[in-house]
Amino acid sequence: MKNIYPMYADKFFCIAGKCPDTCCAGWEIVVDEKFQNIYKSSSSTAARYAVSRMYTDDDGDVCLKLKNGRCPMLDDENLCRIYIDMGKNALCDVCRIYPRFNKE
C-alpha cells in the first residue's frame, strides 16, 4: 500500500467547533454494519437519533440522511453528537478515518 498526502498534513489538526467550515457536509456518510448495530443497541440519545436518520441509498449502502447538506449529527456548534455522547470509539468507519480514504 502506498500512502499519499500533502506536505502540510503532519501540521494539520482539527479545531472542531472553532472551524469556520465543517468536514461533515456535502458528502454521503455511510454507516458500516458494525456501527449500525452499535447505534441500534445503544440507549444513547445520539445513537437513537442516528438510527432515526439512517436510510438505504441506491447502491445499497446505509447512510445518514443529510440535513441541509450537513451531517444530521452536527450540533449548533459544528460538533458531532455521537463523539460528544458516546466518545471517539463510537464513530463509524467513514467518520473515524476521514479525511483519509482508500483507493483500490
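The values are calculated or read from the model by the stated rules, or taken from the named source; none is laboratory data. What you see is a predicted model, and the numbers here were worked out from it, not measured in a lab. Cβ: placed from backbone, ideal geometry, glycine included. Neighbour counts: every protein chain shown. These accessible areas exclude ligands, DNA and RNA; they are computed on the full protein's heavy atoms, side chains included. Shrake-Rupley method; radii C 1.70, N 1.55, O 1.52, S 1.80 Å.
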Practice item. State the percentage of accessible surface on the chain attributable to carbon and sulfur atoms; use a 1.4 Å probe and exclude ligands, DNA and RNA. Key: 52
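Scan the chain and hand back the longest stretch that contains none of the chymotrypsin sites (Phe, Trp or Tyr not before Pro) lying in DSSP loops with at most 13 other Cβ atoms within 10 Å.
28-100
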Review point. Counting only residues 5 or more places away or on other chains, whose amide H sits under 5 Å from the amide H of Met54 once H atoms are built in the peptide plane?
Key: Lys65
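Leaving out ligands and nucleic acids, and using a 1.4 Å probe, what accessible area per residue does the chain come to in Å²? Please list the in-between numbers first.
Values: 8050 Å² over 104 residues.
That works out to 77 Å² for each residue.
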Point to revise | nm² value of the averaged projected area, convex hull over the Cα atoms of the chain | key: 7.9
Check your understanding: When all protein chains stay in place, what accessible area (Å², nearest 10, 1.4 Å probe) is found for Asp57?
Key -> 20
Practice item. Report the trypsin sites (Lys or Arg not before Pro) located in the stretch 1-36 that are in a DSSP loop and have at most 11 other Cβ atoms inside 10 Å of their Cβ, or state none. Key: Lys2
Review point. Lys/Arg Cβ at +1, Asp/Glu Cβ at -1, dipole of the stretch 2-104 taken about the Cα centre: which of Asn78, Tyr49, Ile15 is farthest positive-ward?
Key: Ile15
Exercise for review: Quickly estimate the mean residue ellipticity at 222 nm for the chain, helices only: each DSSP H run with n ≥ 4 gives -39500 (n - 2.57), and the total goes over all residues, rounded to 500.
Suggested key: -6500 deg cm²/dmol
**Study point:** Proximal lysines to Lys65, defined as alpha-carbon separation beneath 30 angstrom and excluding residues fewer than eight positions away on the same chain
**Key:** Lys18, Lys34, Lys40, Lys88, Lys103
